[in-house]
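The values are calculated or read from the model by the stated rules, or taken from the named source; none is laboratory data. Model, not experiment: these values are computed from the prediction. Note: ideal-geometry Cβ built from the backbone for every residue, glycine included; neighbour counts use all protein chains shown.
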Amino acid sequence: MRARRSARFPDHDYTTPGLYFVTICIKDRREALARIGDDGLVLNGFGRIARDCWLEIPEHFPNIGLDEFVVMPNHIHGIIGIMEIRDVGAQHAAPLPVPLPRNRVLPGSLGAIVRSYKSVVTKRINEIRGTPGATFWQRSYYEHLIRNEKSAERVRNYIRNNPLRWHVDRENPARTGEDEFDLWLDSLSEKTPGRGRPRTTPGGLGCCIKTPVLT
């Protein structure tokens with residue numbers, strides 16, 4: 001199965017203002033967050049934790065605006081808007097002591113936001129199931145820098161309709177085809193040298209909710 005690739009700019013500063021499409025997957029693609037059936041997408045308890053923690057991100061990173069997002073059975077898609085950083089301060093959302101990797105994650109950067117989110121979701125889920133220290137998310141995450149409004153709308157439409165297209169979702173181990181959206185992302189990766197690598201952090205009704213992203 002072909003994995004989703006990050007259409008990333010190797011020299012881009014991921015603390016700078018912009019819109020980023022992010023995908024975060026469960027370890028081994030286990031369907032631990034929700035199910036999709038005749039009654040649509042239904043979150044379980046872990047999925048509701050993932051949803052609620054996503055909505056809490058702006059409370060801990062004041063320079064962040066949330067756009068469309070969805071919690072899927074084994075992953076979450078979302079658009080994160082990074083606004084101008086005046087005072088990055090402490091990274092309050094991460095409740096667990098997380099050692100910095102060799103390539104330091106800058107405070108207020110996209111990597112810091114994702115790391116913090118994954119950490120707090122993992123902590124809350126491990127508290128419920130009594131598995132302290134257990135891994136919940138896969139090590140990497142995937143991001144795409146959204147360059148214009150046309151691309152932004154395409155990503156938003158994909159997120160809104162993702163539950164309806166689970167049968168061709170690249171993260172679905174039983175998918176029956178290829179989603180045109182993934183082919184589009186692949187084409188962006190191929191056009192820019194240095195793209196196509198997942199980002200790494202230490203360590204998906206979902207609510208398709210759109211909130212204003214400040215520019």
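Is one or more of the residues making up region 124-135 in contact with a Lys or Arg (Cβ under 7 Å, 6 or more places away or on another chain), surrounded by fewer than 21 Cβ atoms within 10 Å (Cβ to Cβ) and at pLDDT 90 or above? Yes, region 124-135 has at least one match.
A quick yes/no check of all residues on (1) loosely packed, with under 15 Cβ neighbours inside 10 Å; (2) of a type outside the set (K, R); (3) at pLDDT 90 or above:
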residue: N161; (1), (2), (3): yes, yes, yes
residue: D169; (1), (2), (3): no, yes, yes
residue: F181; (1), (2), (3): no, yes, yes
residue: G203; (1), (2), (3): no, yes, no
residue: P212; (1), (2), (3): yes, yes, no
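Applying the criterion of being under 12 Å from the mean Cα position of the chain (by Cα) and of a type in the set (A, V, I, L, M, F, W, C) to the residues of region 58-76, the residue that is farthest from I26 (Cα to Cα) is L66. Looking across region 1-57, just one residue is among the charged types (D, E, K, R), modelled with pLDDT of 95 or more and closer than 20 Å to P107 by Cα, and that is E56. Report yes if H92 is modelled with pLDDT of 95 or more and touching a helix residue (DSSP H, G or I) at 6+ places or on another chain (Cβ under 8 Å), otherwise no. It is false that H92 is modelled with pLDDT of 95 or more and touching a helix residue (DSSP H, G or I) at 6+ places or on another chain (Cβ under 8 Å).
Tally time: how many residues in region 138-155 are assigned to a helix (DSSP H, G or I) and surrounded by fewer than 20 Cβ atoms within 10 Å (Cβ to Cβ)? Matching residues across region 138-155 total 6. A count restricted to region 40-80 and to residues that are in a strand (DSSP E or B), among the aliphatic types (A, V, I, L, M), farther than 19 Å from H144 by Cβ and out of contact with any Gly (no Cβ under 8 Å at 6 or more places or on another chain) stands at 1. With respect to the stated conditions, H75 is surrounded by 15 or more Cβ atoms within 10 Å (Cβ to Cβ) and within 23 Å of A152 (Cα to Cα).
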